[in-house]
Amino acid sequence: MTSPTAYSLQAPTRAELDALPGVTVVEFGTNWCGYCQGAQASIAKALGPHAGLRHLKVEDGPGRALGRSFKVKLWPTLVLMRNGAELARVVRPTSAADIEDAFAAL
């Protein structure tokens, strides 16, 4: 399954992200990454029950400041935040359960 929404080249600054109220999931990856493409069905399934959730898909790579500020090493990496604070992280999820487990931290 391919993602209905591509990773955005336009990323918020870390300060903008830290200032967002409520729950935010930041997904780091690239459109050409096989791991990212393979994880999209699981990500969609896990995020589906959370209709009001803010989900940002940000393209990552060398020299991308936002990914470096989170020390992202592998794609996809999902960072779950509440009111600008990181509460959980999922790296290369292989099932919706991997992501759902992280929601317990919220």
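Where a number appears in this text, it was derived from the coordinates with a stated rule and is not lab data. From a predicted model like this one, the values you see are computed outputs, not experimental measurements. Cβ sites come from the backbone with ideal geometry, for glycine too, and all protein chains shown count toward neighbours.
With both residues required to sit in the chain, DSSP beta bridges show an antiparallel share near 65%. Taking every DSSP helix (H) stretch of at least 4 residues in the chain, weighting each as -39,500 (n - 2.57) and dividing the sum by the residue count yields a mean residue ellipticity at 222 nm of -8000 deg cm²/dmol. Charged side chains reduced to their Cβ positions (Lys and Arg at +1, Asp and Glu at -1) give the stretch 14-103 a dipole of some 180 debye around its Cα centre. With the Cα gyration tensor of the stretch 1-55 giving a ≥ b ≥ c as the square roots of its eigenvalues, does the rule (a/c under 1.5 for rounded; else a/b larger than b/c for prolate; else oblate) give rounded, prolate or oblate? Here the stretch 1-55 falls in the oblate category. Loop exposure criterion: trypsin sites (Lys or Arg not before Pro), DSSP state outside H, G, I, E and B, at most 12 other Cβ atoms within 10 Å. Applied to the chain, the longest stretch between such sites is 1-70. Applying both filters, DSSP loop and at most 14 other Cβ atoms within 10 Å, to the chymotrypsin sites (Phe, Trp or Tyr not before Pro) of the stretch 1-105 gives TRP32.
Set against the labelled values [x] 1.02; [y] 1.08; [z] 0.97, Cα Rg over 2.2 N^0.38 Å computed from this structure falls on [z]. R0 = 30 Å: FRET efficiency of VAL91 with GLN10, Cβ-based, nearest 0.05? Given R0 = 30 Å and the Cβ-Cβ separation, E is 0.80.
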